[in-house]
Amino acid sequence: MSKLLITEITRMGPAFCVIGLQHENEKIRSIRPVPSFSNGWPLFPHHRGDILECALTPFSGPKPHVEDRVSTRGFTRISTVPEPETVLYLRKSELAHSLPDLFGCSIHENKKGSGLYAHPREARRSICGCETQNLRLELCANELRATLALPSGEVLRDLPVVDRDWRDFIDAALAEGRGANRTARLERFLNSHFHYKIMSCPHHFVRIGLTRPFHDLCWLMLDTLFPLPKQEWLQEF
């Protein structure tokens, strides 16, 4: 049996992708438990910070998703770690300070549209954490996208945010019954109060992931943004 500290829960189409940290041989590394029948979980009732017990077997998945392991049974929740402590462990796992450090390869800008991508045969991993000098969130057709600056000064532009908690927060903010001009009020919140809440948080942290190969490209996405949104923030706009 293995123990995982859950750090990523992302929405990937109709399913959820999950990543946890495993402490083994004095090292902390990311592990992605996947069901035997697909790459994602139709339901995942657990939360980030939960420590789950599970049975994992090695899985020779295609690069760069070297973190994949097949889960051969369900998850059993053992305990929960507070958010600041979860980030502390993340900072001891995969960490990058520059663009090439993220996945051990060159990152390319999409010349025909938005977003950034890597070539799957070049990338050495599919998930990595990073500190940010600045961060901006914005809505694009009611979808949340992020632009952030790394400590190196390099900028990652127009990344789709797939973080389950932040996506749920945006859905709740734009739901019927929350009054008029919801989109405009949410955009103002993201550009003012939000920026202060996130950047002033002592455990502010970001994890960047790569999609599964699509037309031989892996696209960058923002997997996790700490701090996670709080329910009371919905009242502020």
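For residues that are among the acidic types (D, E) and over 30 Å from I51 (Cβ atoms), scanning just region 90-147, find the one that is most open to solvent (accessible area, probe 1.4 Å). Here the residue is E109.
Taking (1) closer than 23 Å to C218 by Cβ; (2) buried (at least 19 other Cβ atoms within 10 Å of the Cβ) in turn, A15 satisfies each apart from (2). Within region 53-63, is even one residue at pLDDT 95 or above, surrounded by fewer than 16 Cβ atoms within 10 Å (Cβ to Cβ) and in a strand (DSSP E or B)? Yes, the conditions are met somewhere in region 53-63.
Count of region 15-48 residues, restricted to those that are out of contact with any Ser or Thr (no Cβ under 8 Å at 6 or more places or on another chain), polar (S, T, N, Q) and in a strand (DSSP E or B), is 0. Between S38, S2, S30, S93, the distinction of being modelled with pLDDT under 95, within 23 Å of P120 (Cβ to Cβ) and of a type outside the set (K, R) belongs to S38 only. Taken over region 148-160, the residue count meeting the criterion of being in contact with a His (Cβ under 8 Å, 6 or more places away or on another chain), over 27 Å from I31 (Cβ atoms) and either of a type in the set (D, E, K, R) or exposed (fewer than 14 other Cβ atoms within 10 Å of the Cβ) (or both) is 0.
In region 214-237, the qualifying residues are those that are open to solvent by less than 60 Å² (accessible area, probe 1.4 Å) and part of a loop (DSSP other than H, G, I, E, B), and the one that is modelled with the lowest pLDDT is F237. Just to be sure before I move on: is R77 under 21 Å from D163 (Cβ atoms) and in a loop (DSSP other than H, G, I, E, B) in the structure I sent? No: the conditions fail for R77. Condition first: of a type outside the set (S, T, Y) and either modelled with pLDDT of 95 or more or over 17 Å from F75 (Cβ atoms) (or both). Now tell me which residues in region 5-15 satisfy that. Across region 5-15, the qualifying residues are L5, I6, E8, I9, R11, M12, G13, P14. Can you find, within region 162-197, the residue that is surrounded by the most Cβ atoms within 10 Å (Cβ to Cβ) among those that are touching an Asp or Glu at 6+ places or on another chain (Cβ under 7 Å) and touching a residue at least 60 places away in the same chain (Cβ under 8 Å)? So the residue we want is D163.
The values are calculated or read from the model by the stated rules, or taken from the named source; none is laboratory data. Just so it is clear, the model here is predicted, and its values are computed rather than measured. Cβ coordinates were reconstructed from backbone atoms using ideal geometry, including for glycine residues, and neighbour counts include every protein chain displayed. We work out accessible area using only protein heavy atoms, side chains counted, and drop any ligands, DNA or RNA first. Shrake-Rupley method; radii C 1.70, N 1.55, O 1.52, S 1.80 Å.
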